[in-house]
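The values are calculated or read from the model by the stated rules, or taken from the named source; none is laboratory data. Worth saying up front: this structure is predicted, and the values here are computed from it rather than measured. Cβ atoms come from the backbone with ideal geometry, glycine included; neighbour counts cover every protein chain shown. Each accessible area value is taken on the protein alone, full model and side chains, heavy atoms only, with ligands, DNA and RNA left out. Shrake-Rupley method; radii C 1.70, N 1.55, O 1.52, S 1.80 Å.
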Amino acid sequence: MKKNQVQFQAGMSLMTFLDRYGTEAQCREALAKARWPGGFRSPACGHTGHCHLAQRDVYQCNRCKRQVSLTSGTLFAQTRLPPRTWFLAIYLMTQHKNGISALALRRQMGVSYNAAWLLKHKLMQAMVERDSEQALGGIVQVDDAYWGGERHGGGTGRGSPSKTPFVAAVQCHPEGHPIAMRMDVIPGFRKTVLASWAKHHLAPGTAVVSDGLNCFPGVLEADCTHVPLVTGGGPPSKGHPIFGWVNTVLGNVKNALHGTYHALRPKYLQRYLSEFCYRFNRRFDLAALVPRLIVAAARTPPLSYRLATLDV
Ligand SMILES: [Zn+2]
């Protein structure tokens, strides 16, 4: 049997991770590089000359004397956890195919459950924001999807009140294979909602392929074209090879979330969906996920506990 190149890649081994990020000094150096790729710059005046005041652990600009800590203004701020602990969490979260729960993170990291939970949600928020910078384009298959409700007598089918609706979108190569995907929690499947979603997340000129649900022509307002495929609830149309992918990835994300997380509150669903998509979109180079998420977190503003737990 031919091996799937994506599934069989080595990723980053724990040994390699420890070689690169095993000490606090290594992690601080990596964080400084991620934050200031061209070397330190004063956030106040842009000057690069600086010194490190060891006693207070801050960098001071030689010109304006502004002092900044290594983590201030980044996602790593406002926490007592050292960079080494954060980096271990980044490793564990990116190298597990189906994600890792806060409970499992807590055990691996030796911190409290609340600390592990908050750290995980901060990193997931960085993933939400990173992938929102990149619009899908070309040929994109979209479908309506729902989370939850099955086990609480909320009924099944579209529009059940106990279910959380989200759009699933997969950008496909003209030959059919998936390139990138995103999943976004939305208030409901209405034409105006889909128009707004498409304006934020699809490049103009995108060819949107969907089933015949009435809201999808809303993407026309975002200068996209719409190709409706009427399936009548049956199996995906065989004449369109790209139609199957969105169903496949939806099956994968639901299995992953059900398997890894026992109780997933709807208000946090976006972060879990984005975490899954973030890994999927970078699946061709798993080892690079660790330095890439470090860079993303270094460029994401701090997220307070209040914001992390706010209704989103
Ligand atoms: Zn300065």
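If the requirement is being surrounded by fewer than 19 Cβ atoms within 10 Å (Cβ to Cβ) and under 20 Å from the mean Cα position of the chain (by Cα), which of these qualifies: Gln134, Gln55, Gln108?
After applying the criteria, what remains is Gln134.
Which of (1) within 16 Å of the ligand (Cβ to nearest atom); (2) under 27 Å from the mean Cα position of the chain (by Cα); (3) open to solvent by less than 50 Å² (accessible area, probe 1.4 Å) is the odd one out, the single condition Ala30 does not satisfy?
Among (1) within 16 Å of the ligand (Cβ to nearest atom); (2) under 27 Å from the mean Cα position of the chain (by Cα); (3) open to solvent by less than 50 Å² (accessible area, probe 1.4 Å), Ala30 violates only (1).
Cβ-Cβ under 6 Å, sequence separation 6+ or interchain: first residue in the stretch 155-177 and more than 18 Å from Val253 (Cα to Cα) and surrounded by fewer than 20 Cβ atoms within 10 Å (Cβ to Cβ), partner modelled with pLDDT under 90 and not basic (Lys, Arg). Which pairs?
Ser160/Gly149; Ser160/Gly154; Ser162/Gly149; Ser162/His152; Ser162/Gly154; Gly176/Pro241; Gly176/Ile242
Could you tell me whether any residue of the stretch 59-66 is within 16 Å of the ligand (Cβ to nearest atom), open to solvent by 70 Å² or more (accessible area, probe 1.4 Å) and among the polar types (S, T, N, Q)?
Yes, the conditions are met somewhere in the stretch 59-66.
Considering the stretch 181-191 alone, what residues qualify as being modelled with pLDDT of 95 or more and outside any loop (DSSP other than H, G, I, E, B)?
Listed by number, the residues that qualify are Met181, Arg182, Met183, Asp184, Val185.
What single numbered condition from (1) open to solvent by 10 Å² or more (accessible area, probe 1.4 Å); (2) assigned to a helix (DSSP H, G or I) fails to hold for Gln78?
Among (1) open to solvent by 10 Å² or more (accessible area, probe 1.4 Å); (2) assigned to a helix (DSSP H, G or I), the lone unmet condition for Gln78 is (2).
Would you check if Ala89 is surrounded by fewer than 20 Cβ atoms within 10 Å (Cβ to Cβ), at pLDDT 90 or above and in contact with a helix residue (DSSP H, G or I) (Cβ under 8 Å, 6 or more places away or on another chain)?
Taking the combined requirement at face value, the residue does not satisfy it.
When you go through Ala89, Ala25 one by one, which is the residue that is in the same structural domain as Met124 (by TED's automatic domain parsing), free of Cβ contacts under 8 Å to residues at least 24 places away in the same chain and part of a helix (DSSP H, G or I)?
Among Ala89, Ala25, only Ala25 is in the same structural domain as Met124 (by TED's automatic domain parsing), free of Cβ contacts under 8 Å to residues at least 24 places away in the same chain and part of a helix (DSSP H, G or I).
If a residue must be more than 9 Å from the ligand (Cβ to nearest atom) and either in contact (Cβ under 8 Å) with a residue 12 or more places away in the chain or part of a helix (DSSP H, G or I) (or both), how many such residues does the stretch 41-57 contain?
Qualifying residue count, the stretch 41-57: 2.
Within the stretch 272-289, how many residues are within 24 Å of Ala30 (Cβ to Cβ) and under 13 Å from the mean Cα position of the chain (by Cα)?
Qualifying residue count for the region: 8.
Starting from residues that are over 19 Å from Pro291 (Cβ atoms) and not hydrophobic (A, V, I, L, M, F, W, C), keep the ones in the stretch 67-96 and report whichever is nearest to the ligand (Cβ to nearest atom).
So the residue we want is Gln67.
Checking Gly38 against (1) modelled with pLDDT of 95 or more; (2) open to solvent by 70 Å² or more (accessible area, probe 1.4 Å); (3) within 16 Å of the ligand (Cβ to nearest atom), only one condition comes out false. Which one?
Exception for Gly38: condition (1).
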